[in-house]
1. Only residues that are modelled with pLDDT of 90 or more and among the hydrophobic types (A, V, I, L, M, F, W, C): list them for region 138-160, please.
2. In the set Phe26, Phe38, which member is in contact with a strand residue (DSSP E or B) (Cβ under 8 Å, 6 or more places away or on another chain) and within 16 Å of Leu109 (Cα to Cα)?
3. Could you go through region 129-144 and let me know if any residue there is closer than 30 Å to Asn42 by Cα and crowded, with 19+ Cβ neighbours inside 10 Å.
4. Inside region 29-58, can you point out the residues that are over 18 Å from the mean Cα position of the chain (by Cα) and either basic (Lys, Arg) or in a helix (DSSP H, G or I) (or both)?
5. Need pairs with beta-carbon distance below 6 Å; first residue over 15 Å from Ala102 (Cβ atoms) and within region 1-20, second among the hydrophobic types (A, V, I, L, M, F, W, C); sequence gap 6+ or separate chains.
6. Kindly indicate the residue of region 5-28 that is more than 23 Å from the chain's Cα centre (by Cα) and not small (Gly, Ala, Ser) and also surrounded by the fewest Cβ atoms within 10 Å (Cβ to Cβ) among those meeting that condition.
7. Helices (runs of 4 or more DSSP H) wholly in region 138-215 with at least 2 residues that are farther than 27 Å from Thr86 by Cβ and in contact with a helix residue (DSSP H, G or I) (Cβ under 9 Å, 6 or more places away or on another chain) - which ones?
8. Being aromatic (Phe, Trp, Tyr), within 18 Å of the chain's Cα centre (by Cα) and either surrounded by 19 or more Cβ atoms within 10 Å (Cβ to Cβ) or at pLDDT below 85 (or both) is true for just one of Phe90, Phe78. Which residue is that?
Amino acid sequence: MIKNNKLKTIFSSLIILLPIVIGLIFWNKLPNGIPIHFDVNNNVDGTIAKWIFVFIFPIGLVTLHLLSLLLTGLDPKFKNIDKKNTSVIFIIIPLLSLLVSAVSYSMALGLKINVAFIVMLVLGALFIIIGNYIPKIRQNFSLGIKLPWTLNDEDNWVKTHRFAGVVWVIGGVIIMITSFLSNLFLFIGITLALVIIPTIYSYVYYAKNKKDDKN
């Protein structure tokens, strides 16, 4: 995977490491503690040392990014993963790096931003993007809804991912529309629903087919 996508790997890794440059530029203006956690009222309730956030956090993310690419390339069913679908792997962690660093640096520099609104808006859009991609994903061990019954039954895999695609697009739209409410509990509830609903659908489909086979 990495060998056949060297430019993508280098570019995505550089994006993940970009917050280091930003941290160095604003180093003298940044406080010793960088905000990394916020309560439901948008107040900072958790910080970490500046040097850890500026250097260790991006390096840790780029390590995780490269490990994800490596493991995906070792997938026994890697040939089933379309090149367009692998693009999602190159996007997720760079996006996470930029999102977290933008929010934390902004708060550290004294800018008043609505963290919940930004997080919900970005992740809502991400659900919509993934929802459009996921129905096209063929059976594999790296991407998609990897349940025992989807991995053992290709038809279940296809049906589940088509259903999940619709659910996630709708869910992403709902998250974006409700982002102005800045309600993290609502966001968590919707996100859990987007995980649970396709799982239930997949199991019901599996149980129904299992019952039909016995008859």
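1. Ile145, Leu147, Trp149, Leu151, Trp157, Val158
2. Going through Phe26, Phe38 in turn, just one is in contact with a strand residue (DSSP E or B) (Cβ under 8 Å, 6 or more places away or on another chain) and within 16 Å of Leu109 (Cα to Cα): Phe38.
3. yes
4. Lys29, Lys50, Trp51, Ile52, Phe53, Val54, Phe55, Ile56 - these are the residues of region 29-58 that are over 18 Å from the mean Cα position of the chain (by Cα) and either basic (Lys, Arg) or in a helix (DSSP H, G or I) (or both).
5. Met1/Leu69; Ile2/Leu69; Lys8/Phe90; Thr9/Ile2; Ser12/Phe90; Ser13/Val62
6. Going through the qualifying residues, I end up with Asn28.
7. 154-177, 184-214
8. Only one candidate qualifies: Phe90.
The values are calculated or read from the model by the stated rules, or taken from the named source; none is laboratory data. Bear in mind that the values here come from a model prediction, so they are computed numbers and not experimental data. So basically every Cβ, Gly included, is an ideal-geometry build from the backbone, and we count neighbours across all protein chains shown.
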